[in-house]
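Read the figures in this text as sums done on the coordinates, not as results from a lab. None of the values given here were measured: they were computed from a predicted structure. Cβ placement follows ideal geometry from the backbone for every residue including glycine, while neighbour counts extend to all protein chains displayed.
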Amino acid sequence: MEPKKMVAMANQIAKNLDYGSDKSKAIAGVVDHIRRFWSPLMLDEIADFISTGEAELSTIAEQALAQLIEERQAAE
């Protein structure tokens, strides 16, 4: 999938799950959503794109993806 499309998807998920001042709840919601609906390949592709510095992620999406990427790397 196109990396910029995945960035847009992650940002939209984060926007939909933004609970105002409770950022940790929003991040947990994004993590849960991506775990359930994104393939491991999608996560690998967006991780590669993030590493280029070109991904324009919201703070919530960025933190959620960082958590997922870290978990994935630790499991390898």
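Brief remarks on what is shown
- Selection within region 27-56 - under 10 Å from Pro3 (Cβ atoms) and acidic (Asp, Glu): Glu45, Asp48, Glu54
- Residue within region 28-42 that is among the small types (Gly, Ala, Ser), surrounded by fewer than 18 Cβ atoms within 10 Å (Cβ to Cβ) and farther than 27 Å from Glu76 by Cα present: no
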